[in-house]
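The values are calculated or read from the model by the stated rules, or taken from the named source; none is laboratory data. The shown structure was predicted, so the numbers you read here are calculated from the model rather than taken from an experiment. Ideal geometry is used to build each Cβ from the backbone, glycine not excepted, and the neighbour counts take in all protein chains shown.
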Amino acid sequence: MVDITIVGLGVLNVDQITRETERVIRGSNEVLYVDTGVATRTYLEGLCPRATSLFETSYEEAAHRVNAYHHMAARVLDAAMDHPPVTFAMHGHPTVGVFAPFLIRDMAGLLDLEVRVLPGISAMDCLFAELMIDPCVAGMQMYEATDLLLRRRPLLPDVPALIWQIGCVETSLHTMHVSKPIRFERLRSHLLRFYPPEHEVVAAYATPHPLMPSTVYRFALRDICEQAHLLHPGFTLFIPSAVERPIEDRELLHLVDSVEHLRRITR
Amino acid sequence: MAHGTATDFLVRAALDDAFRELALTDPQRAFEGYDLSDEERDILCSRDGRLLGLLGAAVAKAKTPIEQTAEDDPPETAESHFPSLPEVNLLLRLDPRVTHAPDSAPSVGYAASLSPWPGEHERKPPDEEGREQAAEQSNDAPPGVSWIIRITPTVVDSVTDALPCGSRLNKASSVTAGLKVAYHASIHPNPSQTSEEPPSAERPTAASATSPWIHHVESAAAKAAAQAVRASDADGRYDKLLDLIDALQTGDERG
Ligand SMILES: C[S@@+](CC[C@H](N)C(=O)[O-])C[C@H]1O[C@@H](n2cnc3c(N)ncnc32)[C@H](O)[C@@H]1O
């Protein structure tokens, strides 16, 4: 028997919850959740006798975000040992940008509890739809904003990029305070090593409520600091490619349309 | 009598398809039965960015983004006040020169040059760069080598004129007075110099998969902590679980 199912609740509250997730929550003795969607509580209470929000008890102004994840993991394991099965539900997809599921998996392994993870609709999926992005065309590189700067990760200007958590850049502490322009200067300097200053980038916030349209700001990379007051922690930055990489393998280019080649590589 | 709040309105719009449709097509009718302020009605009709504030207020009450007021502002320091200065990247190049004197063995000297490091987008297309390198290497001198010198300036202090004691730094006045800047310099191999593969194809010599979160699941400390969790009663379990997290992160290193 699965003791803990880790699920994502999607981004658009509550329309993006899958039927698979719904079924698991119905079969749980408690659903513990981290999601600030306005209708989440009402919705989950309709599925499960016990719906417990962990958001309010997890995050504290200027405290390490990692402490919040420790609290979530301990609460979920505690519930799973007491009255399994339980569901741990969070915003978006459960393994994107959240540490708690990884901690839960490793703790559960030591406590002989079984864990299963179900996919959810991530902000990435919403942005692919909102901005009409096809990651199969020129690829896609994705980085977490602070990690990008800490490691000075190189970017390929011919591959589109998604930069997560730009609104949280340069700190591992939780805050609800509005950003100042200075917060984005290091990020701008780093990106300017790979893209021209006038390159248009897109900051997008996929809508969390059906009455609200998504928020999309387009601006030249050099102007990112001036957008500071707008870029709350929910934003993701999309950087379209700035150049096209020429095809190098001319031989393969010729072969991809050849029936003869198709016969050679298939049975 | 109207009794629903803005939060009730938003919750219903998220859960009830017919009501959502009404809220989108005929908001005035949807407002019937809800006790909303003029501003809330305006936000719910225009459905602009202010709706996020309404959603935030509905969910977390005090957990909406906080605008800092002047009183909340911590006194600004030079570091928080001035923009970070741009990095300077220079290309240091050494070109060996072989001199053949008639009556002695050939001798090698170096021509050194220092030039600005071109930004990635100013670089030549990969095959153009490759052709140039091939041309350079065709003479009998060994190929030149190059490094990147990176200079990172940091503002460590500001020198301000006549700033009254205890007053906050004001951007315009302090910028005119001057900055004290420290420089950190480092030298790195030039990734685009004559390697067999272009920099984008760089790969480690040995494969070693890395895990995003390293936990010492096999450590004796973690196993003992897990045992303590199992042995604890319901009241003490949460704290024992936090101990387990600690053990998973530190492993046996604490001895
Ligand atoms: C802690 S991560 C959680 C991601 C989430 N698990 C998911 O799958 O989307 C938070 C980051 O996800 C991105 N994100 C979350 N919600 C978003 C939204 N509605 N629109 C755009 N990006 C969003 C932002 O980059 C944000 O800083």
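Please work out if A:ARG116 is in a strand (DSSP E or B), farther than 26 Å from A:PRO240 by Cβ and among the charged types (D, E, K, R). So A:ARG116 passes the test.
Look at A:LEU162 and say whether it is at pLDDT 95 or above, part of a helix (DSSP H, G or I) and within 16 Å of the ligand (Cβ to nearest atom). Taking the combined requirement at face value, the residue does not satisfy it. Of all residues assigned to segment A:171-179, at least one qualifies as being aliphatic (A, V, I, L, M), facing another protein chain (nearest Cβ under 7 Å), part of a loop (DSSP other than H, G, I, E, B) and within 16 Å of the ligand (Cβ to nearest atom).
Only one of A:THR40, A:THR87, A:THR57 is surrounded by fewer than 21 Cβ atoms within 10 Å (Cβ to Cβ) and either facing another protein chain (nearest Cβ under 9 Å) or closer than 30 Å to B:ALA228 by Cβ (or both); which?
On the way: A:THR40 fails: surrounded by fewer than 21 Cβ atoms within 10 Å (Cβ to Cβ); A:THR87 fails: surrounded by fewer than 21 Cβ atoms within 10 Å (Cβ to Cβ).
After applying the criteria, what remains is A:THR57.
Restricting to segment A:90-106, give me the number of residues that are of a type in the set (D, E, K, R) and either crowded, with 24+ Cβ neighbours inside 10 Å or out of contact with any strand residue (DSSP E or B) (no Cβ under 6 Å at 6 or more places or on another chain) (or both).
The first filter runs over segment A:90-106 and keeps only residues of a type in the set (D, E, K, R), leaving A:105-106.
If we keep only those that are either crowded, with 24+ Cβ neighbours inside 10 Å or out of contact with any strand residue (DSSP E or B) (no Cβ under 6 Å at 6 or more places or on another chain) (or both) too, we end up with A:106.
Of the residues in that region, 1 qualify.
Among the residues of segment B:1-60, those that are in a loop (DSSP other than H, G, I, E, B) and either of a type outside the set (Gly, Ala, Ser) or within 13 Å of another protein chain (Cβ to nearest Cβ) (or both) comprise B:MET1, B:HIS3, B:THR5, B:ASP16, B:ASP26, B:PHE31, B:GLU32, B:ASP35, B:LEU36, B:ARG47, B:ASP48, B:GLY49.
Among the residues of segment A:202-258, the one identified as under 22 Å from A:ALA123 (Cα atoms) and among the charged types (D, E, K, R) is A:ARG218. Scanning segment A:1-19 for residues that are away from the ligand (no atom under 16 Å from the Cβ) and out of contact with any helix residue (DSSP H, G or I) (no Cβ under 6 Å at 6 or more places or on another chain) gives A:MET1, A:VAL2, A:ARG19.
Quick check, is A:GLU130 closer than 30 Å to B:TRP117 by Cβ and acidic (Asp, Glu)?
Working: closer than 30 Å to B:TRP117 by Cβ: no; acidic (Asp, Glu): yes.
Spelling it out, it is not the case that A:GLU130 is closer than 30 Å to B:TRP117 by Cβ and acidic (Asp, Glu).
The set of residues in segment A:107-125 that are closer than 23 Å to A:ALA206 by Cα and either surrounded by 18 or more Cβ atoms within 10 Å (Cβ to Cβ) or near the ligand (Cβ under 8 Å from one of its atoms) (or both) comprises A:GLY120, A:ILE121, A:SER122, A:ALA123, A:MET124, A:ASP125.
Could you say whether any residue in segment A:211-221 is crowded, with 19+ Cβ neighbours inside 10 Å and either more than 14 Å from the ligand (Cβ to nearest atom) or away from chain B (no Cβ under 13 Å) (or both)? Taking every residue of segment A:211-221 in turn, at least one turns out to be crowded, with 19+ Cβ neighbours inside 10 Å and either more than 14 Å from the ligand (Cβ to nearest atom) or away from chain B (no Cβ under 13 Å) (or both).
Exactly one residue out of A:PHE128, A:PHE184 is within 15 Å of the ligand (Cβ to nearest atom), without any contact (Cβ under 8 Å) to a residue 24 or more places away in the chain and not in a loop (DSSP other than H, G, I, E, B): that is A:PHE128. Here A:PRO197, A:PRO157 are screened, and the one residue that is buried (at least 16 other Cβ atoms within 10 Å of the Cβ), part of a loop (DSSP other than H, G, I, E, B) and touching a residue at least 12 places away in the same chain (Cβ under 8 Å) is A:PRO157.
The set of residues in segment A:222-255 that are of a type in the set (Ser, Thr, Tyr) and away from the ligand (no atom under 16 Å from the Cβ) contains only A:SER241. Tallying residues that are near the ligand (Cβ under 7 Å from one of its atoms) and either over 15 Å from the mean Cα position of the chain (by Cα) or facing chain B (nearest Cβ under 10 Å) (or both) within segment A:91-106 yields 0. If you go through segment B:86-98 one residue at a time, do you hit one that is surrounded by 16 or more Cβ atoms within 10 Å (Cβ to Cβ), on the phi > 0 side of the Ramachandran plot and at pLDDT 55 or above? So far as segment B:86-98 goes, no, none of its residues is surrounded by 16 or more Cβ atoms within 10 Å (Cβ to Cβ), on the phi > 0 side of the Ramachandran plot and at pLDDT 55 or above.
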